[in-house]
Every structure is written in structure tokens, then in C-alpha cells.
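Quick notes on the structure that follows.
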Amino acid sequence: MRMSQMFSQTLRQAPAGAEVKSHRLLLRAGFIRQLAAGLFSYLPLAKRSLAKIENILREEMNAIGGQEISMPVVHPAELWKETGRWYEIGSELGRFKDKNEREMALAMTHEEVIGDLVRKEIRSHRQLPQLLYHIQIKWRDDPRPRAGLIRAREFTMKDSYSLDADEEGLDRQYRNHYQAYFNIFNRCALPTLAVRSDVGMMGGSMAHEFMYPTPIGEDTLLICDACGYTANRQIAEFRKPPAEPEEPRKAEKIETPGADTIEKLARFLGIPESKTAKAFFAVATITEGTEDVERFVLAVVRGDMEVNETKLANAVRAKELRPAREEEIRHAGASPGYGSPVGVKDALVVVDDAVKDSPNLAAGANEDGYHLINTNYGLDYEADIVSDIALAGEGDACPRCGEAMRTTRGVEVGNIFKLGTRYSEPLGCTFLDAEGDSKPVLMGSYGIGVGRLLACVAEEHNDENGLVWPITVAPYEVHLISLGGGEAVAEDLYRELTGRGVEVLYDDRDERPGVKFNDADLIGNPIRLTVGARSLERGGVELKLRREQESELVPVEEVAQSIERRLAALRTEIEERVVEVPFEE
RNA sequence: CGGGACGUGGCGCAGUCUGGUAGCGCACUCGGCUGGGGGCCGAGUGGUCGCCGGUUCGAAUCCGGCCGUCCCGACCA
């Protein structure tokens, strides 16, 4: 491609509002343009990089038996009503009516449509297993799009769906994806971690998220460097520091004026926070039968811990969970700042397992200005549910090996879910097994955000001058610059290299050298060739890797060979990153 | 949805407080010089100042409403 004819232009300054590095650089280098919040156009450079990523996705999906299909972006509402998601999902689902006033949905994901295909096509266990995938646009009306391509409203996703007759088959497909995803991210030179995760709106029994660790990430991860345990904070477990064994004493009400936080209470009583109980009030939306009801939830953790709202929501099987308002708390007979399960009515009481095993805790008396000392689970109050509902944090002990864990932030670039029968049952996706019994198909779903992946690669590979693409994702392999006196040789080289199948971006513009060098650095193709009177006098063409400082002088007639050698080396480097990864459950 | 900020040529911004006929840098066009890290000189093109309404002799500027964009939070895969 000749830059004199290329549609993309570089920008000296990034538009205001682009704060994240990848967003700024992709904008500045002419890869993307924003149309509206969370909506982007992909210019030629981005389109080329995306095509490369998509090909990697295809290769890895095909390698584990995937077959590519394509499903619509617009779906009839009926399908989404069948799985219940039409009602479960809020404004994030795009809805509209067609000209006949039929309700339609914009695809957020494609479980419903796959399910519809499966129930129409799959009848026998002989047709299983299957792995179908497509690369398609999704619409999620995110309440807050941000960070450019990292969180867009319209985005392209590779999603695959596995269909199996039994648990072993589903497990195999899940593990295949686990490895394939590492291969994909390694081939894109993007460091990632697989972490155990919450199943969220997808439903199902097991899920992993593939996280690119970066401070701009929106998720918090817990990592144990000693044994390799990794988990999203939403579900991360940890070993809770055990309480000192004591004989339970009799609860006693005492005056604690102004001690409406755990910190103040502990200081007032002269005890550690671990000797107190913390109450958290929430209202959960729970589906009972066919109805959604709101339940008041009183959660209790030990004073030295925080409530994990995801764990709490899962413990009560809530569809939604929000903090309670003061009047709701008072209505239940509790008192904000002085709350505990003792004496509250009409509350779903959830107690963290550590509270159950910690004797003689100071807890609220449900009366402003008063606490109870020496409360004991089982003596002073009971719970509807005892479960782990505590939030893991920096330094907490690993649930597996007990070593201190650390936290880091991450961007989710992919996820894998064992859906089981979450969709096949409501949609009636059944098959006849070898015994002639009708059984629901076991499904898995596996997603990778293509644009987000591109943005993460950009986020990882850049320097103060611009992007530094890995060879597998770069829009072009070679950036050829002609300077004064080098035009004729550059033209010849451009013809020769493209003739040999090398992807060359050729800066044939009448620009000053500084402009050309800066644009080359900004765009970030891996190899730069510079031809000018000065280089020719010294005996040839300058060859420089984007990521390195020094250039090498190559005689004109050896350039093609030299380029091919360099490209092969860059590819080998990437291939060496692709290794087998042990499955961490 | 809660909090905050911003909206002025393609991009980055000033002007708004204190109302008086819209400006700077970059980009773009033409001419000339220059020619290995965003160069210089000269001449130009381009803006209903987000939209609607109000106040006023007069509104980018003051007032009200709306829309849009970004950031923090809530939410979410």
C-alpha cells in the first residue's frame, strides 16, 4: 500500500477524552475513528490487524474441531422470551420493533439462536459432539462504554458453542478451549491469565475468564504466586484467619455511643475488629416459582472482613442485589450502624462461615447507640444460610496453599462457560441417546472480543513514540520509507517485496523525513526500511526493527532475502510462546 | 441511575467571570525556500460558537430546558 493513497491519516494530537494509551494510539495512528459513545469505525489499518486476529481465531477453532457458521445480529424476541433472558436482562439488551410491530432483539450473544438451530438439526447422539463458532457483531447497550475499543457497545466477538451428549464430552471441549485460548493470546503476544470466575448472566456451572493483567483493567484478580491459584475477586476464596477458641459467654447489651462503624466500635471496646460482627443490608430480587419477589437480606461477616456482593447474591440465588435503603432496614427492625441478626424479623439471614466459628463477637443491638458483646451464632441468632460471603483482598491466604495472595487488575479478553442445560432445557434441545432416551444437549459457550483483543495488544505493545505491533497482528510486515534521492530504489524495492508476498506499507509521500519517521513509529509495523541518498552512499538500505534502536545497512540486492530472514525470525519468536498450559480448575 | 467536567473550522485549545459583529497552534490549498526525526517564509480556504427558548438595542458570553461526549461510582460479560 502506498501511503500517498491510503485513507487513514495520523493525528498529531489525540482527540480530547481519549485517555487510555491504546485508545489514544489507535486514534492517532489512524486505525479507528469514533462515531458515538461506544461506536467505532475501523479504518484500513485496523481492518488488516483485525483480519489477522480473526484468522488466528479461525485456525485455533478449526484445530479443535470447530466449524464456522454465521448467525443473524437481529433476533425475534420470542426466542429470548423462551430462555427468560428477555425479562432477566435490563436495558443492556437492545430492543426494537420491525415494521409489523414484532418485537426484536439485537444480539448480545447467540446462545438462543444456537439453541434454535440445535433443536431443529440435532436429533441423535450420532450427531454429537459438535463445535460451532462464528465471528459476529454484538450489541450491548453498556451503561458506561469506556477506554475506546476496550469497552464498546457494538463490538465483534468470536463465540463458539459446544454441543455434547455427556459431561465428559463437555469437559473435553471446555479443556480444548482452555488450551486454544492460551494459544490464541500467545500468538497475539498478549500475556493472559485464566481465572476462575462467576457465571453471571450466562448461567451454567463453571467458568473461566482470560485476563490481560493491566492497571487499566476493571476487574480485580487474586493471584497466588506460590501455587498458581487465580480467581476473579467476585468469587475468590481464601483461608480466613481462625478465631481463638473460647467458651461462649452470655450476650450482654452495652451502651456504645457514636460507635456506628466497626472501626469505632473496636476502638471504643478496645478489641480487635476480628472480635466484632459486621452487618450488611441488601434487597435481593429472587425468582420464586414464576414470580420475582424482593427479599430483605441481612448478611453478616466478621468485622475484619468485607461482604462480597457476588458471593452473597449467589448464596441467596438472587437475580439482582442492591444495598438496602435506611427505611427498609428500619422496617426489618434493624438499625444501620448498630445492626445484627439478633431480633430482626422478615429478613433472609446469611452468615459467613467464619462468623459461625468465631465465638463472643460484638454485634449491633439493633438500637441506635447500643451493641451486644459476646454474641454467638446458634445461641443468640440463627441463619437461613451459612456460606462463604467474604471478599478476598491483598494479602489474604490462598485457599489451596495458605500463602499470601496478591491482587492485580485485569481486562477480560475471553471467557469460557460450561452452560450445561441452561439453554438446551428451556429451548427443548434434546437428542435420543443410544438407549433411545431423550436427553438435553450439554452446551458450552466460549467468547473472545476481537476488538478488545486488538486494543489490549496495543495497550501492551507500545512506547513513547507509538505502537509496536507483534508480527502476527501488525497491519503490515514492512514499513518502507523513501527519502530524497532514494525514490527510484524504493519503487523497485516496493515492487520486488510485494511481488514476493511481503506486506509493505510504502511511504511514498512528499513529506519531510521527520514526518515519515514519526508516522512509521506511530503506526508501529515491525520492520522499517529506509532508502535515501545518504543510505545509498553508504552502500544500501537501512533495516531497523521497530522495537530496537540500531539499524543495519543492507545492500539493495540483499534486501528481500534479509527481510524474509527477519520475518521468519519474528514468527519463530511468536511460535515459541505457544506452549501447553496445564488446566487449572 | 448518582456525582463531576466539557461542547467554539478536520484536531488541540483561548475567548464566557465583566454582553458590543470570533481568535491561536496544527492540519488543508497555492507559491517559494528547505530536505535523515513533526522545518521556514508569504498568500489563502474553512466556523448557524451542540440544539431550542428566554432576557437585552445587542448573546459564544447571562437565564431555563434539552441533546451529546468524557471521567468517577453503581451496573455488567
Say each of A:GLU68 and A:THR572 gets a label point 7 Å from the Cα, pointing the same way as Cα to Cβ; how far apart are those two points in nm?
3.0
Can you list the trypsin sites (Lys or Arg not before Pro) in the range A:428-506 that are in a DSSP coil and have 16 or fewer other beta carbons within 10 angstrom?
A:ARG500
Please identify which residues in the range A:483-512 have an amide N closer than 15 Å to a label point set 7 Å out from the Cα of A:GLU537, following the Cα→Cβ vector.
A:483-486
Going by alpha carbons, how many degrees (0 to 90, nearest 10) lie between the helix axis of A:513-523 and the longest principal axis of chain A?
40
So, in nm, how far is label A:ARG400 from label A:ALA36 when the simple model puts each one 7 Å beyond its Cα toward the Cβ?
4.6
Per residue convex hull volume, Cα only, chain A, in Å³ is 201
Would you list which aspartates and glutamates come within 14 Å of A:LYS52, measuring only between C-alpha atoms, while excluding same-chain residues fewer than 8 positions from it?
A:GLU60, A:GLU477, A:GLU503
Set the bar at 24 Å for Cα to Cα. Now go through A:LYS278/A:LYS345; A:LYS253/A:LYS356; A:LYS275/A:LYS356; A:LYS253/A:LYS345 and name every pair that lies beyond it.
none
Where the accessible area of chain A is counted over protein heavy atoms with a 1.4 Å probe, how much of it, in %, is carbon and sulfur?
47
Among the range A:372-412, those whose backbone N falls under 15 Å of a label point 7 Å along Cα→Cβ from A:CYS227 are A:396-406
For A:LYS120, counting only lysines whose alpha-carbon sits under 28 Å away and dropping same-chain residues fewer than eight positions off, the answer is A:LYS81, A:LYS97, A:LYS99, A:LYS138, A:LYS158, A:LYS418, A:LYS439
Compute the distance in nm between two label points, each set 7 Å from the Cα along the Cα-to-Cβ direction, one at A:LYS120 and one at A:ASP357.
5.4
I'd like the distance between the alpha-carbon centres of the range A:240-279 and the range A:96-134, rounded to an integer number of Å.
55
Which net charge results when you count Lys and Arg as +1 and Asp and Glu as -1 among the other residues whose beta-carbon is under 9 Å from that of A:LEU372?
-1
Contour excess over end-to-end distance, with Cα ends at A:ARG249 and A:GLU367 and 0.36 nm allotted per residue
40.4 nm
A:GLY420 neighbourhood, Cβ < 15 Å, K/R = +1, D/E = -1, net charge -3
Given the rule -39500 (n - 2.57) for each run of at least 4 DSSP H residues, summed and divided by the residues of chain A, what is its mean residue ellipticity at 222 nm, to the nearest 500 deg cm²/dmol?
-8000 deg cm²/dmol
So in chain A, which Cys have no other cysteine's beta-carbon sitting under 4.7 angstrom from theirs?
A:CYS188, A:CYS429, A:CYS456
Please determine, in degrees from 0 to 90 and to the nearest 10, the orientation of helix A:44-63 with respect to the longest principal axis defined by the Cα atoms of chain A, where the helix direction is its Cα long axis.
70
In the range A:11-57, the trypsin sites (Lys or Arg not before Pro) that sit in a DSSP loop and have at most 14 other Cβ atoms within 10 Å of their own Cβ are A:ARG12
Any chance you could give the angle, 0 to 90 degrees and rounded to 10, that helix A:450-460 forms with the longest Cα principal axis of chain A?
80
Expected unfolding gain across A:MET6-A:ASP346 under the 0.36 nm per residue rule, minus the alpha-carbon gap, is 115.6 nm
Could you tell me the distance between the Cα centroids of the range A:304-352 and the range A:484-539, to the nearest Å?
66
Mean accessible area per residue over chain A (1.4 angstrom probe, all protein chains present, square angstrom) is 45
Give the cross-link partners of A:LYS250 among the aspartates and glutamates, using a straight C-alpha distance below 14 Å as the criterion and excluding same-chain residues fewer than 8 apart.
A:ASP380
Express the relative contact order of chain A as a whole percentage, based on alpha carbon pairs under 8 Å and six or more residues apart in sequence.
17
What percent do you get for the relative contact order of the range A:252-387 when only Cα pairs under 8 Å and 6+ apart count?
28
Which order do A:HIS125, A:HIS461 take when ranked by solvent-accessible area (1.4 Å probe, heavy atoms of all protein chains), largest first?
A:HIS125, A:HIS461
Sequence gap at least 6, Cα distance under 8 Å: using those rules, report the relative contact order of the range A:476-575 to the nearest whole percent.
28
Give me the distance between the Cα centres of the range A:142-212 and the range A:434-464, rounded to whole Å.
4
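The values are calculated or read from the model by the stated rules, or taken from the named source; none is laboratory data. Everything numeric in this text was worked out from a predicted model, so none of it was measured. Heads up, the Cβs are rebuilt from the backbone with ideal geometry, glycines too, and the neighbour counts pull from every protein chain shown. Quick note on the areas: whole protein, heavy atoms, side chains included, nothing else; ligands and nucleic acids left out. Shrake-Rupley method; radii C 1.70, N 1.55, O 1.52, S 1.80 Å.
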